[in-house]
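What follows is one structure encoded as structure tokens, with my remarks underneath.
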Amino acid sequence: MAKVQGMKEKFHSPLFDAFFVKDEDRTGGGKKKFTDFMTDPRVIRFFVDIQNKTKLETNMQASGVLPSLNTFEARALRVVVSSLHRFSPKRSKADELQAERNEAEILADLIYNSVTSLIVGEKIMIEMPTFWFPSGAGVSPGLTVSNHGEPDPTATFRFAEPVYIEPQQGFRVEMAFPQGVPGVSPVDDQKLAHVTGPLRIWVVLDGYLTRDVQ
């Protein structure tokens, strides 16, 4: 479809990308763990590696840049973590309670031991511990699922001033673990490093996309 010269449209269209811990077995036995899916042992990068991801993991069309001559106005940054708690009718009530505690502790490992940065054009626009960026999403309270913050889209961090991403300008979000992923050393199978999938950690840039009218 042809573009309409000189005309742009602006609409609410968040960008998102996910780090995916798959439910996979290692060659030779055993499940792959959280750290097996990290390409860098201390940093997870979002929006720059979109190969072989489904629409559940990302809505990016190209790695690290907006498509065509689009621009983006980021108004909020969210970190959303999927549930680790797998309910089972075969478990005792005590086992279910322990599973809930483990999930909450692992989520705490993530948000209190990592630093999340938004980088646009190699300039850091914000850099804070991950607990600063609640998800505003999740299952309602009372269903024994741990969430990163309240499941309310208004309960999120919003920029005081919009962060602009210009056409073809590189950008990414990094989640760094300055002291390493919890549980790598010493070995503790109840820590984040030993989590098995499926688990997704999404970073969402909520804001407005401007593009050519077609």
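The values are calculated or read from the model by the stated rules, or taken from the named source; none is laboratory data. Just so you know, these numbers come straight off a predicted model, no measurement behind them. Neighbour counts run over all protein chains shown; Cβ positions are idealised from the backbone, glycine included.
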### Task
With the condition kept exactly as written, say whether any residue in the range 172-180 is among the polar types (S, T, N, Q) and modelled with pLDDT of 85 or more.
yes
#### Entry: Breaking point among (1) out of contact with any Ser or Thr (no Cβ under 7 Å at 6 or more places or on another chain); (2) touching a residue at least 60 places away in the same chain (Cβ under 8 Å); (3) surrounded by 15 or more Cβ atoms within 10 Å (Cβ to Cβ); (4) not small (Gly, Ala, Ser), for Leu69
(3)
### Query
In the range 43-53, which residues are in contact with a strand residue (DSSP E or B) (Cβ under 6 Å, 6 or more places away or on another chain) and either not charged (D, E, K, R) or not in a strand (DSSP E or B) (or both)?
Val43, Ile44, Phe46, Phe47, Val48, Ile50
### Query
Scanning for something over 15 Å from the mean Cα position of the chain (by Cα), part of a loop (DSSP other than H, G, I, E, B), more than 17 Å from Leu205 (Cα to Cα) and among the small types (Gly, Ala, Ser), does the range 170-180 turn up at least one residue?
yes
### Task
Kindly indicate whether any position in the range 5-12 is modelled with pLDDT of 90 or more, surrounded by 16 or more Cβ atoms within 10 Å (Cβ to Cβ) and over 22 Å from Asn147 (Cβ atoms).
no
### Query
among the hydrophobic types (A, V, I, L, M, F, W, C), crowded, with 21+ Cβ neighbours inside 10 Å and assigned to a loop (DSSP other than H, G, I, E, B), is that true of Leu56?
no
### Query
Of the residues Thr156, Thr144, Thr196, Thr130, which single one is touching a His at 6+ places or on another chain (Cβ under 9 Å), surrounded by 14 or more Cβ atoms within 10 Å (Cβ to Cβ) and either modelled with pLDDT under 95 or among the basic types (Lys, Arg) (or both)?
Thr144
### Query
List, please: which pairs have Cβ atoms under 6 Å, are six or more places apart or on different chains, and start with a residue in the range 115-126 that is closer than 16 Å to Val65 by Cβ and touching a residue at least 40 places away in the same chain (Cβ under 8 Å) and end with one that is polar (S, T, N, Q) and surrounded by 15 or more Cβ atoms within 10 Å (Cβ to Cβ)?
Gly121/Gln169
#### Entry: Total residues in the range 117-155, condition outside any strand (DSSP E or B) and either among the charged types (D, E, K, R) or closer than 23 Å to Glu105 by Cβ (or both)
25
### Task
Select from the range 65-84 the residues that are assigned to a loop (DSSP other than H, G, I, E, B) and in contact with a Lys or Arg (Cβ under 6 Å, 6 or more places away or on another chain) and write down the one among them that is farthest from Lys10 (Cα to Cα).
Ser82
